[in-house]
Amino acid sequence: MIHRNAPLTPTGRLRLARCVVDDGWPLRRAAERFQVSHTTAARWAGRYQRLGHAGMEDRPSRPHHQPRRTSAAVEGEIIRLRREHRIGPLRLSTRAGVAASTAHRILKRHGLPPLATCDRATGEPVRRYERARPGELVHIDVKKLGRIPDGGGHKVLGRAAGRKNRTGVGLAYLHTALDDHTRLAYTEDLPDEKAGTCAGFLTRATAWFAAQNITVERVLTDNAWAYTKNTWRRTCRDLGIQPRWTRPWRPQTNGKVERFHRTLPDEWAYHQPYTSDAERQAAFPDWLDWYNYHRPHTGISGHTPASRVTNLSEQHI
C-alpha cells in the first residue's frame, strides 16, 4: 500500500526513471522536477536500468535471511494440530511450545482462515452468499422467548423471587421474515407456530414488504412441521412465492435470520430488565425501527438495511 504522503507512485517512479535513463536528464534536474531527493532519483533510475518496469513496484520489507524463524518441523506440527483439532493460536502455542503470536503468524502465512469463519463440523471456510436484489429470497424462522410475568422475572427480582413468579407465563413466538439482500426484517409476536399461524404471518409479511417496494419471490425456511404442510404450500402458491427449505440439520443455510434472532435478545429482549411482558413488547417497535433504518449492519459494510431497498437507479433490476 502506498503511503498517503508518498511523493511517487509506481507510475511516477517510472516517469522519473525514464527521464533519467531514456531521455538523459541529469539526476538533480529529475529530482527537482519530481520533488524528491537526489538519492531517491538515483535509486529508481538504477532499479529501472537493472529490472525495467517491474523494478518500480514496492519490495517486501521481509529480511533476506531469518536465522531465528520457526523451523519447518514446528510449522508443520502447528498446521497439523490446527487441521486435526481445529484449535486457535492460544491452544496451539501451548501444544507446540511457541508464542501465541507466532502460531497466529504461521496460520496466516499458510492461508488458514480464523476459526470464526470456518464450519466447526468440517473445518472448511463458510461459504457466504447474498442475493442480487431485494425480494429475491426472504428467510423465515421462529424465535421462542420466555414471557415475563407481571412484576418482573429474575433479572428484576433476583433468582429466588423470580423463580416463584414465573409459573404459567408461557412462551412468546417471534416470527421473523428477513430479506436476504437488504437484511430488512419484519417480526410479529404470535401465540404459536402452527401451520395456519405461519401461513397468516407470511401473508402479512408479504404485504409489508410490498409496502417497502419489495416483491417477495422466494421464501426459505427450515423443515419445521408447519412449513411442510399443504397450508404453507397453498399460501405460497396463492401469493406467487416459491417455497424453499434448508437441508435437515443445516441451520447455517438460513443463517441470516438465525443471526437476527441472536441480535434480537442481545439488543432488545434481554438488553435491560423489564417488569412485565407488556413493557418489553412496547419497546419492540422502536427497536425494530432502529434496526431497519438506523443501525449500521456489519454484514453489509456498515450500511442500514433500509438504505439497500432503494431502486431509484434501477440497480436491482
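Every number in this text was worked out from the coordinates using simple rules, so none of it is lab data. Quick caveat: nothing in here was measured; it's all calculated off a predicted structure. Here the Cβ positions follow ideal geometry from the backbone for every residue, glycine too, while neighbour counts run over all protein chains shown.
Structure notes:
- This ranking places PHE209, PHE260 by how few other beta-carbon atoms lie within 10 Å of each, fewest first, which gives PHE260, PHE209.
- Proxy reagent accessibility, fewest Cβ within 10 Å first, across TRP225, TRP208: TRP225, TRP208
- Summing charges over all other residues whose Cβ lies under 14 Å from the Cβ of ARG233, with Lys and Arg as +1 and Asp and Glu as -1, gives +4.
- The charge dipole of the chain, taken about its Cα centre with unit charges on the Cβ atoms of Lys, Arg (+1), Asp and Glu (-1) only, comes to about 1620 debye.
- When only the Cβ of Lys, Arg, Asp and Glu is charged (+1, +1, -1, -1), the dipole of the stretch 10-56 relative to its Cα centre reaches about 100 debye.
- Charge context of ASP141, other residues only, Cβ under 9 angstrom, K/R +1, D/E -1: -1
- For the chain, the residue among CYS118, CYS236, SER71 whose Cα projects farthest onto the positive side of the dipole built from Cβ charges is SER71.
- Distant-in-sequence amide H partners of THR246 (H built 1.01 Å from N, under 5 Å): THR221, ASP222, ASN223
- Zone of ARG95's modelled label, taken as backbone nitrogen in the stretch 65-82 under 12 Å from a point 7 Å along Cα→Cβ: 77-82
- Largest-first ellipsoid semi-axes for the stretch 138-308, taking √(5λ) over the Cα gyration tensor eigenvalues, angstrom: 29, 20, 14
- Spin-label pair ARG33/GLN242, simplified geometry with 7 Å Cα→Cβ offset, distance in nm: 6.1 nm
- DSSP finds beta bridges in the chain, and of those with both partners inside it, around 75 percent are antiparallel.
- The order of HIS3, HIS38, HIS297, going from fewest to most other C-beta atoms within 10 Å of their C-beta, is HIS3, HIS38, HIS297.
- Between the listed residues VAL219, THR298, ALA132, the Cα displaced farthest toward the positive end of the dipole of the chain, a dipole computed from Cβ unit charges relative to the Cα centre, is found at THR298.
- Sorting 232-243, 108-119 by average packing, meaning the other beta carbons within 10 Å per residue, from highest down gives 232-243, 108-119.
- Backbone amide hydrogens, once placed in the peptide plane, bring CYS118 within less than 5 Å of VAL126, excluding anything fewer than 5 places away on its chain.
- For the chain, complete DSSP H runs whose alpha carbons reach 18 Å or more along their own long axis and whose mean Kyte-Doolittle score is 0.0 or higher are 195-211.
- Near GLU57: Cβ cut-off under 13 Å, other residues only, Lys/Arg at +1 and Asp/Glu at -1. The net charge is +2.
- Candidates THR206, PRO7, SER101 compared by Cα position along the dipole of the chain: farthest toward the positive end lies SER101, with charges placed on Cβ.
- Candidates HIS53, HIS104, HIS64, ranked by Gaussian network fluctuation over the chain, Cα under 10 Å, top entry: HIS53
- Once the Cβ-Cβ distance of GLU57 and ALA116 is raised to the sixth power relative to R0 = 35 Å, the FRET efficiency obtained is 0.60.
- Lys-Lys pairs in the chain that are eight or more residues apart or on separate chains and whose Cα atoms lie under 22 Å of each other come to 11.
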